[in-house]
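Engineer: Can you keep this structure in mind? I'll have questions shortly.
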Amino acid sequence: MSSLHPQLKVRGTSLYPQAIFSVLDSFAEVQEYYVEVRGGADLSDEVTVHVALAGDQMTGADVARKLGASLRVAPAVVVEPLEAVRDAVSSPNSRKPVRVVDRRTGSA
């Protein structure tokens, strides 16, 4: 996905990845994250947010609820170990972190 992340269509709601990033960046408990996008059957995008959380104060359900409250749509949230998320975000081909992994068919 290019540096200008296009808007996503999730269950009839237009959503920019940067809006997800802003919500996640507001939580001290979220150590690292990335967004995975897949094509859905109904011309809608399926969005999964992968997060690494510090401590046990916050759960994946808490993150999903807060994303839903801010974005009007709650993407799926998967909690993973910090190293797994860092490995996915770090790309040997880029100095910048890769925050959006586009797995839609036909995407560049």
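Engineer: Compute the relative contact order of the chain as a whole-number percentage, counting only Cα pairs closer than 8 Å that sit 6 or more residues apart in sequence.
Structural biologist: Relative contact order of the chain: 30 percent.
Engineer: With only Lys, Arg, Asp and Glu charged, each at its Cβ (+1 for the first two, -1 for the last two), find how big the charge dipole of region 27-108 is about the Cα centre; round to the nearest 20 debye.
Structural biologist: Here the size comes out at about 320 debye.
Engineer: Which percent, to the nearest 5, of DSSP beta bridges fully inside region 8-102 are antiparallel?
Structural biologist: Counting only bridges with both partners in region 8-102, antiparallel ones make up about 65 percent.
Engineer: For an R0 of 30 angstrom, estimate the FRET efficiency from the Cβ-Cβ distance between Ser44 and Leu82 and round to the nearest 0.05.
Structural biologist: Step by step, r from the Cβ atoms, then E = 0.50.
Engineer: Would you mind checking which residues have amide H under 5 Å from Gly39's amide H? H placed 1.01 Å from N; only 5 or more apart, or other chain.
Structural biologist: Glu46, Arg104, Thr105
Engineer: In addition: Please state, as a whole number in µm²/s, the translational diffusion coefficient that the Stokes-Einstein equation yields for region 61-108 at 20 °C and 1.002 mPa s, with Rh defined as the Kirkwood radius across alpha carbon pairs.
Structural biologist: Taking Rh from Cα pairs, D becomes 166 µm²/s.
Engineer: Once amide H atoms are placed 1.01 Å from N in the peptide plane, what residues at a sequence separation of 5 or more from Val100, or on another chain, have their amide H within under 5 Å of its amide H?
Structural biologist: Answer set, sorted by chain and number: Val35.
Engineer: Using the Karplus equation 6.51 cos²θ - 1.76 cosθ + 1.60 (θ = phi - 60°), what ³J(HN,Hα) coupling, rounded to whole Hz, does each residue of region 61-71 give in order, writing x for Gly and Pro?
Structural biologist: Result, ordered by residue: 5, 5, 4, 4, 5, 5, 5, x, 5, 7, 9 Hz.
Engineer: Here's another thing I want to ask about it. Given the Cα-Cα distance of Ala28 and Val101 and 0.36 nm per residue of separation, how much length would full extension add, in nm?
Structural biologist: Numbers: separation 73, 0.36 × 73 = 26.28 nm, distance 2.30 nm.
Separation in residues times 0.36 nm, less the Cα-Cα distance, equals 24.0 nm.
Engineer: What spacing in nm lies between the two simple spin-label points modelled at Ser14 and Asp62, each 7 Å away from Cα in the Cβ direction?
Structural biologist: Each label point is offset 7 Å from its Cα along the Cβ direction, giving 3.4 nm.
Engineer: Same structure, new question: Can you give me the P(r) profile for the chain? Cα pairs, bins 10 angstrom wide beginning at 0, each as a whole percent.
Structural biologist: For the chain, the pair-distance distribution reads 14, 49, 32, 5.
Engineer: Check Ala76: other-chain or 5+ apart residues with amide H under 5 Å from its amide H, H built from backbone geometry?
Structural biologist: Those qualifying (amide H under 5 Å, at least 5 residues apart or on another chain) are Val47, Val49.
Only the coordinates and a few stated rules stand behind these numbers; no lab work does. On a predicted model such as this, the values are computed, not experimentally measured, just so you know. Glycine also receives a Cβ, built like all others from the backbone with ideal geometry; neighbour counts cover every protein chain displayed.
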